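**Student:** Quick one: structure below, then a few questions.
Any read-out appearing in this document is the output of simple, stated calculations on the displayed coordinates, not a laboratory observation. Quantities reported herein were computed from a predicted structural model and do not represent experimental measurements. Counting neighbours? That spans all protein chains shown, and the Cβs are built from the backbone with ideal geometry, glycine included.
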Amino acid sequence: MKILAIETSCDETSAAIVEDSSDKKTATVLSNTVASSMDMHSKTGGIIPENAAREQVKSILPVINEALEKAGLSFDTSKTPDIDAIAVTYGPGLIGSLLVGVETAKTLSYLWNKPLIPVNHLFGHIYANFIQENSPTPQFPLIALIVSGGHTDIVLMKSHTDITWLGGTRDDAAGECFDKSGRLLGLSYPAGPEIEQLAKLGNPKAYHFPRPLLHDNAYDFSFSGLKTAILREVEKLNIQQRGDKRQDPVVNDICRGLQDAIIDVLVNKTLKAAQEHNVSSVLLSGGVAANQTLRDEFMVRSSSLEIKLFAPPKSLCTDNAAMIGAAALFQDKKEQWENITANPELYFD
Ligand code: KG4
Ligand code: ZN
């Protein structure tokens, strides 16, 4: 099956052409085009939803055109390209952004008379782990950790369709904690990648920030207290009044303490879930999974367990349509266009 996939849940506009690999165990990506309005949001210190939606409107058709062309197909509204279905992210996300992708997908579905496959963005992140060709494929049952700017969740998957949510954040997501703490420290949005770099220069012993719910038996997370601890430190040291934040050893130390606390909780809870449910595959996914220190820590702490760790290529950790196409291939829930509505609050069933 060959799919045109569309992703517009937040500030990335992406389209991809994806098909089953020859053994049907992974997805093959024929093209994956991503346009980001991140630079605009860096200037405003975060995403203004209306601006993100306007950028989606500008980018959606050129991005679809490019994805089709790169896959050797052409974009002609009167002639159906060689695809079997159209997949689209229908939630969760920003309503204005989601609507651009969903309504475009519905229009193309009607014009080309092809079914639509609605995809939950969160499952999309997980399926970025099923597009690595010529490498081992995750085995069920598995535990997936989704860590992005909007979500922090642990799910148990016994098959592509048997999925149980085990826990999630009660307040801020892990990526949100990186971004909001970064803002307090005077870093630009999104702060996750920069905090990772500055943390490498920091002293690991300088700060031990709280690790909320670390020893709680459930798989819930809470990161807002950590952000408050950073705020207290920023106020105490008058960080805002100091010079270049990127040359300041205290900022490096705080970044190190912050990142260590987030990673400690994520690794502990995920590996605990893996052991409790006796799984052999653990999948990392979402923008924060691009963090190399997080990946390394997972490697170290899982090395004595019988667990195989999977993480997508870094370019597929952040939002993209290839992962949406991969999820659509394996979850294959074809619908008529009339039945699809964007749902910004979509979570796990
Ligand atoms: O998955 P994603 O692109 O968007 C959402 O669905 O939210 O994730 C974006 C998040 C941002 O919070 C960003 O700071 C974080 O991923 N992120 C990182 C890194 N790269 C991106 N966080 C920590 N370390 C990184 N290297
Ligand atoms: Zn995402």
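**Student:** Looking only at the stretch 256-301, count how many residues are in contact with a Pro (Cβ under 6 Å, 6 or more places away or on another chain) and among the small types (Gly, Ala, Ser).
**Tutor:** Count: 1.
**Student:** Something else about it: Does any residue of the stretch 276-283 turn out to be closer than 16 Å to Tyr219 by Cβ, in a helix (DSSP H, G or I) and away from ligand 2 (no atom under 16 Å from the Cβ)?
**Tutor:** Checked against the condition, which is being closer than 16 Å to Tyr219 by Cβ, in a helix (DSSP H, G or I) and away from ligand 2 (no atom under 16 Å from the Cβ), the stretch 276-283 yields at least one hit.
**Student:** Take the conditions in contact with a Gly (Cβ under 7 Å, 6 or more places away or on another chain) and not basic (Lys, Arg) and apply them to Ile195. Does it pass?
**Tutor:** Yes; evaluated as a whole, the condition is true for this residue.
**Student:** Give me a count of the residues in the stretch 210-230 that are among the small types (Gly, Ala, Ser) and in a helix (DSSP H, G or I).
**Tutor:** So the count comes out to 3.
**Student:** Please give the strands (runs of 3 or more DSSP E) falling wholly within the stretch 1-83 in which 2 or more residues are surrounded by fewer than 21 Cβ atoms within 10 Å (Cβ to Cβ).
**Tutor:** Answer list for the stretch 1-83: 12-20, 27-36.
**Student:** If you take the residues of the stretch 107-145 that are of a type in the set (Val, Ile, Thr) and either closer than 19 Å to Gly93 by Cα or crowded, with 23+ Cβ neighbours inside 10 Å (or both), which of them is nearest to the chain's Cα centre (by Cα)?
**Tutor:** Ile126
**Student:** If Tyr207 passes every condition in (1) within 16 Å of ligand 2 (Cβ to nearest atom); (2) part of a loop (DSSP other than H, G, I, E, B); (3) more than 22 Å from Glu12 (Cα to Cα); (4) not charged (D, E, K, R) but one, which one does it miss?
**Tutor:** The failed condition is (1).
**Student:** Within 11 Å of ligand 1 (Cβ to nearest atom) and either assigned to a loop (DSSP other than H, G, I, E, B) or closer than 15 Å to Val147 by Cβ (or both), is that true of Glu194?
**Tutor:** So Glu194 fails the test.
**Student:** Right, something else. Tell me which of these Ser188 doesn't satisfy, since it passes every other one: (1) within 21 Å of Ser148 (Cβ to Cβ); (2) in a loop (DSSP other than H, G, I, E, B); (3) out of contact with any Ser or Thr (no Cβ under 9 Å at 6 or more places or on another chain).
**Tutor:** Of the numbered conditions (1) within 21 Å of Ser148 (Cβ to Cβ); (2) in a loop (DSSP other than H, G, I, E, B); (3) out of contact with any Ser or Thr (no Cβ under 9 Å at 6 or more places or on another chain), the odd one out for Ser188 is (3).
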